[in-house]
Amino acid sequence: MSKKLFPTDVINQGKSVLDAWSQIDDQLTFGALNTAALTMDINQARGIQEQMTNLENQLTNLRNRRDAANVSLWDKVKRVRAGVKATYGDDSSQYEMVGGTRLSERKTPARRTATPA
């Protein structure tokens, strides 16, 4: 991600500058820049920020729902595999068909020799 061209608190700084500008002189302008233009930009930036916050909250909610659905799905997958293993055995082709590893195809654990101390 590239470096931002503005500070993270730009809306607060804009509001602070607008308040100070209003106290100094409302009629003071800098070319086309006046308090109305600054107010419009602050409101636009604030509205976009609020939309982004709402969308982030919706995304968080969707992720939580997805995670809950995936947990439920994974539980059912494990139950089906366990049921097939219990019904047909752990070395059956049916168990392999549902994603299990047949007992005859498992690697035997390598034994470690104890090193003398």
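The values are calculated or read from the model by the stated rules, or taken from the named source; none is laboratory data. Predicted, not measured: the structure shown is a model, and the values here were computed from it. When we count neighbours, we look across all protein chains shown, and the Cβ atoms used for this are built from the backbone with ideal geometry, even at glycine. The area values use the complete protein model at the heavy-atom level, side chains included, leaving out ligands, DNA and RNA. Shrake-Rupley method; radii C 1.70, N 1.55, O 1.52, S 1.80 Å.
Taking THR39, THR60, THR29 in turn, the Gaussian network model of the chain (Cα-Cα springs below 10 Å) assigns the largest fluctuation to THR29. Placing a label point 7 Å from the Cα of THR60 along the Cα-to-Cβ direction, no residue of region 1-16 has a backbone N closer than 13 Å.
Of the trypsin sites (Lys or Arg not before Pro) in region 1-71, which ones lie in a loop per DSSP and count no more than 10 other C-beta atoms within 10 Å? Could you put the intermediate results ahead of the total?
Working: sites: LYS3, LYS4, LYS15, ARG46, ARG63, ARG65, ARG66; in loops: LYS3, LYS4.
Here the sparse-neighbourhood loop sites are LYS3, LYS4.
Can you compute the charge dipole magnitude of the chain about its Cα centre, using +1 on each Lys and Arg Cβ and -1 on each Asp and Glu Cβ, nothing else charged? Give it in debye, rounded to the nearest 20. Numbers along the way, then the final one.
Working: 17 positive and 13 negative charges, 273 e Å.
Value, rounded to 20: 1320 debye.
Stretched out straight at 0.36 nm per residue, the stretch from ASP9 to THR87 would grow longer than its current Cα-Cα span by 21.8 nm.
Taking the Cβ of TRP74 as the center, what net charge do the other residues with Cβ under 14 Å away carry, scoring Lys and Arg +1 and Asp and Glu -1? With Lys, Arg at +1 and Asp, Glu at -1, the net is +3.
Taking only the Cα atoms of the chain, the ratio Rg/Rh comes out at 1.49, with Rh defined as the Kirkwood radius. Of the residues ARG81, ARG112, the one with the largest accessible area comes first in the ranking ARG112, ARG81, computed with a 1.4 Å probe on protein heavy atoms. What a 1.4 Å probe finds exposed on the chain is 55% carbon and sulfur by accessible area, rounded to a whole percent. Across ALA32, ALA86, ALA69, mean-square fluctuation computed from a Gaussian network of the chain (C-alpha pairs under 10 Å connected) peaks at ALA32.
What number comes out for accessible area per residue over the chain if the probe is 1.4 Å? Units Å², please. Before the final figure, lay out the partial values.
Numbers: 10250 Å² over 117 residues.
I get 88 Å² per residue for the chain.
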